[in-house]
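Enquirer: Sharing a structure below in structure tokens format, with a few things to ask.
The values are calculated or read from the model by the stated rules, or taken from the named source; none is laboratory data. Since we're looking at a predicted model, the values are computed, not measured. Cβ placement follows ideal geometry from the backbone for every residue including glycine, while neighbour counts extend to all protein chains displayed. Keep in mind that these areas ignore ligands, DNA and RNA; they rest on the heavy atoms of the full protein, side chains included. Shrake-Rupley method; radii C 1.70, N 1.55, O 1.52, S 1.80 Å.
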Amino acid sequence: MTTCHDMQNDVDTQVRPTKPASFLACEAEKSVPSPAEPSVDFPVSVVLPAGGTGERTGLQTPKQFCYLLGRPLISYAIQAFERLPWVQNIVVVVAKENMEPMTDIVQRFQHRKVRAVPGGSTRHRSIYEGLCSLDWEPTERPKVVIIHDAVRPFVEEELVRKIAVEADKHGAAGAIRPLVSTVIATTPDSFLDHSLERAKYRASEMPQGFKYDAILQAYQRCTEFDLEFGTECLHLALQYCGINARLIEGPPALWKVTYKRDLAAAESIVKDSLSRSACIITDGSSQATTLAEELQKAVATMEMKLDIILDLDGNLGRCPVQEWNFIQVSINRSDLAAVRPICAALEASDRALLHPLVVVWVCLSTAVEPSVTVPEPEAFMDLASTAKLRNVFLYGIQLRLCTDSARWQRALSKLAEMTSTLIRDRSPVLVGQVLRA
């Protein structure tokens, strides 16, 4: 009798999150637990098995190495843990042939806590290799180890903290989610045998946490059959160490990138998370400030928050650390000197290391002849092309002041929609283009 028991692989029918995960919100901020949350005051390491071939995506490149907005999927998973100050190191276990590409990713995106090690022929063998690598240096030996999938990039800090604390307390802890589909058992000739009562069961998810010595011992004691065909780490801890794991319900954002369509969904989530806010920079003039305030009101209906900064003058210190989007407002100016300082400051910073930054140059013309305030196309394209090499996407929007109130409101609405779309889509094709609102 064949039983459909692998609940962990039920991801293809899971409901994808309708709201972006909050994993990007704290990437540039230090982790500080609230008074109600227990702090993690013991050494924690992370093992990310990333040796899969990604056959179900139908792509030649394993899905963990597929790029989202110029950055491989595995880098997002790494960053989710690397930003946590209480995580001391991260071991990424990859196939031997992918050791060099993984090393290049670590260096290119400046992942400082990561070490790549070659894995085995199965998931459990690769996890075992990762666990053994943590025992190489006595100073790096953790008290708790978190095991997570390299293709689950949207893991939130609060859940990881709970997993670590509960694993330290009970020996093991794991994330779960309600089952979406009913689990059934079939007969050998493919007829229904019976179904399980869905309310009694949960899907086993990642991350999972363990006392390091316990899970290492479980892998050392398990059988060759376990290493070859097993997939559930919590089961090994129970069967070979008698540890009954504490189960914690996780958020919908725990879903796993499994199929090609999931890559598009993951990129959409990243884009949504990056486009929630922007800094609008003015030259300090009353006209620029008025336009900024009107644009601020217009985009509020699009779930985007704008912070107005008067005359930034290339000083990024006045912008929020985690900001990825910038709108430069210029009045009757078409010379590139109006936008060069912000581009130069962003290129010189490390803000664009992990995500492409967006600069939208809004040129408002109050002159009778608007042509005098139109940016020179070739010069603007050259500036944008140079900025793009440093992962800064520069776009232009031309706007003409209108004395008719109704027409001006329509122009403002169009400006807000265009600005929001440019920030949301982050299209490389439109970089260097000057659009008209």
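Enquirer: Could you figure out which of (1) at pLDDT 95 or above; (2) open to solvent by less than 20 Å² (accessible area, probe 1.4 Å) isn't true of Leu238?
Expert: It fails just one condition, (2).
Enquirer: Just to be sure I understand, how many residues within the stretch 295-322 are open to solvent by less than 30 Å² (accessible area, probe 1.4 Å) and modelled with pLDDT of 85 or more?
Expert: So the answer is 6.
Enquirer: Could we say that Val47 is crowded, with 24+ Cβ neighbours inside 10 Å and closer than 30 Å to Glu166 by Cβ here?
Expert: Details: crowded, with 24+ Cβ neighbours inside 10 Å: yes; closer than 30 Å to Glu166 by Cβ: yes.
Taking the combined requirement at face value, the residue satisfies it.
Here is a yes/no grid of residues against (1) closer than 28 Å to Pro62 by Cα; (2) outside any loop (DSSP other than H, G, I, E, B):
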site	(1), (2)
Ser190	no, no
Pro207	yes, yes
Arg261	yes, yes
Glu267	yes, yes
Ile280	no, yes
Gly284	no, no
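Enquirer: Follow-up. Just to be sure I understand, how many residues within the stretch 147-175 are open to solvent by less than 20 Å² (accessible area, probe 1.4 Å) and within 19 Å of Gln239 (Cα to Cα)?
Expert: The number of residues fulfilling the criteria is 7.
Enquirer: Separate question: Restricting to the stretch 176-188, give me the number of residues that are surrounded by fewer than 16 Cβ atoms within 10 Å (Cβ to Cβ) and either aliphatic (A, V, I, L, M) or assigned to a strand (DSSP E or B) (or both).
Expert: Narrowing the stretch 176-188 to residues surrounded by fewer than 16 Cβ atoms within 10 Å (Cβ to Cβ): 178, 180-182, 184-188.
Within this subset, residues satisfying the condition of being either aliphatic (A, V, I, L, M) or assigned to a strand (DSSP E or B) (or both) are 178, 180, 184-186.
Going through the stretch 176-188 one residue at a time, the tally reaches 5.
Enquirer: Is there a residue in the stretch 408-426 that is in a loop (DSSP other than H, G, I, E, B) and either at pLDDT below 95 or open to solvent by less than 60 Å² (accessible area, probe 1.4 Å) (or both)? So that I can check it myself, show each step before the final result.
Expert: We begin by selecting, within the stretch 408-426, every residue in a loop (DSSP other than H, G, I, E, B); these are 426.
Filter once more, keeping what is either at pLDDT below 95 or open to solvent by less than 60 Å² (accessible area, probe 1.4 Å) (or both): 426.
Yes.
Enquirer: Oh, and also: Considering each residue of the stretch 215-225, count those that are open to solvent by 20 Å² or more (accessible area, probe 1.4 Å) and part of a helix (DSSP H, G or I), and give that number.
Expert: First, the residues of the stretch 215-225 that are open to solvent by 20 Å² or more (accessible area, probe 1.4 Å): 217, 220-221, 223-225.
Right, trim to part of a helix (DSSP H, G or I) and you get 217, 220-221, 224-225.
Residues in the stretch 215-225 being open to solvent by 20 Å² or more (accessible area, probe 1.4 Å) and part of a helix (DSSP H, G or I): 5 in total.
Each row is one residue, and each column tells you yes or no for (1) in contact (Cβ under 8 Å) with a residue 40 or more places away in the chain; (2) open to solvent by less than 30 Å² (accessible area, probe 1.4 Å).
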position	(1), (2)
Thr61	no, no
Gln79	yes, yes
Glu82	no, yes
Thr103	no, no
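Enquirer: Could I ask something else about it? Filter the stretch 335-359 down to the residues that are in a loop (DSSP other than H, G, I, E, B) and of a type in the set (A, V, I, L, M), then identify the one that is least open to solvent (accessible area, probe 1.4 Å).
Expert: So in the stretch 335-359, the residues in a loop (DSSP other than H, G, I, E, B) come out as 335, 339, 349-350, 354-356.
Subsequent filtering for residues that are of a type in the set (A, V, I, L, M) retains 339, 354.
Values: Val339: 0, Leu354: 28 Å².
Ranking the candidates gives Val339 first.
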